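The values are calculated or read from the model by the stated rules, or taken from the named source; none is laboratory data. The shown structure was predicted, so the numbers you read here are calculated from the model rather than taken from an experiment. Because the Cβ atoms are built from the backbone with ideal geometry, glycine has one as well, and the counts that use them run over all protein chains shown.
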Amino acid sequence: MSNQAIGNSKPARHVPRTRPIDRNEVYVYEAPIRLWHWINALAILTLAVTGYLIASPLPSLGGEASDHYLMGYIRFAHFAAAYIMIIGFVFRIYWAIVGNIHARQIFLPPIHKAKWWAGIIYSVRWYLFLVKEPRKYVGHNPLATFGMHFGFIWLTVFLIVTGLALYGEGAGYDSWQYTFFSSWVIPLFGQSQDVHTYHHLAMWGMVIFVIVHVYAAVREEIMSRQSMMSSMFSGWRNFKDDLPMDKDH
């Protein structure tokens, strides 16, 4: 007999036909989101390493200066990774509009709901080992949503705006980067060096976010009631029990 109920010959629309229906399995992260996640992770790693070397250059190489282009390659890698990150971020906003409900979760946290804030407090207690087990969510838990929105989305916007403002100085007064960013961002902060300083500090903020993000993902994969890291490869969230879901909205 078929696994589908009698009289219901059509599979659920959100479940690919090639995968069996399992009540302990939910398709959360669509392929474009997963692709963006890993490309963006590589871009951030490149930006962090090259950004550090731009702010704290390596010792000068010996010999004729014209024979070396090390800093030029470092700057090129930084700028290339930056544009990949910018294009990817614009695409991520687009997919938040056209994708499934989980694609827009980090952009629209329900900050007006007391239950969501209570979920954040519970999640903090879970991460501090003050409760024995976490709550069960299909998408991000409330603390993850909070961290992704305020610790990643807005930090990314700040890095993009200040980065384009700094790039516009080198591109020239007639460049679109200078017109739309350098012309107002640099006066807003006072001078170019101040923008460099805040851009560099924001990079360290992103590094801290990545460290916490990776720790939380690995910890949840091992200790929580649902899959975490593996879901960003397959797109499917697997649950380890049959208990009901918690909702933060």
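For beta carbons closer than 9 Å, sequence separation of 6+ or different chains, a first residue in the stretch 217-229 that is of a type in the set (A, V, I, L, M, F, W, C) and a second that is part of a loop (DSSP other than H, G, I, E, B), the qualifying pairs are Ala217/Met228; Ala217/Met229; Val218/Met228; Val218/Met229; Ile222/Met228; Met223/Glu133; Met223/Pro134. The test for being closer than 17 Å to Gly163 by Cβ, assigned to a helix (DSSP H, G or I) and either modelled with pLDDT of 95 or more or over 19 Å from the mean Cα position of the chain (by Cα) (or both) holds for Ile44. Which members of the stretch 85-104 meet the condition of being in contact with a Gly (Cβ under 7 Å, 6 or more places away or on another chain) and without any contact (Cβ under 8 Å) to a residue 60 or more places away in the chain? None; the set is empty.
Whenever a residue of the stretch 55-74 is surrounded by 10 or more Cβ atoms within 10 Å (Cβ to Cβ), its partners that are of a type in the set (S, T, N, Q), lying with C-beta atoms within less than 6 angstrom and at least six residues away or across chains, give the pairs Ile74/Thr50.
Considering the stretch 77-114, the residues that are among the charged types (D, E, K, R) and part of a helix (DSSP H, G or I) include one that is farthest from Ile33 (Cα to Cα), namely Arg104.
Within the stretch 32-64, the set of residues being out of contact with any helix residue (DSSP H, G or I) (no Cβ under 6 Å at 6 or more places or on another chain) and aromatic (Phe, Trp, Tyr) comprises Trp38, Tyr52. The C-beta contact set for the stretch 171-188 (first residue crowded, with 16+ Cβ neighbours inside 10 Å and at pLDDT 95 or above, second residue part of a helix (DSSP H, G or I) and polar (S, T, N, Q), distance under 7 angstrom, 6+ apart or interchain) comprises Val185/Thr162; Ile186/Ser192.
With a requirement of 2 or more residues that are on the phi < 0 side of the Ramachandran plot, under 17 Å from the mean Cα position of the chain (by Cα) and not basic (Lys, Arg), the helices (runs of 4 or more DSSP H) lying completely within the stretch 130-217 that satisfy it span 142-148, 154-171.
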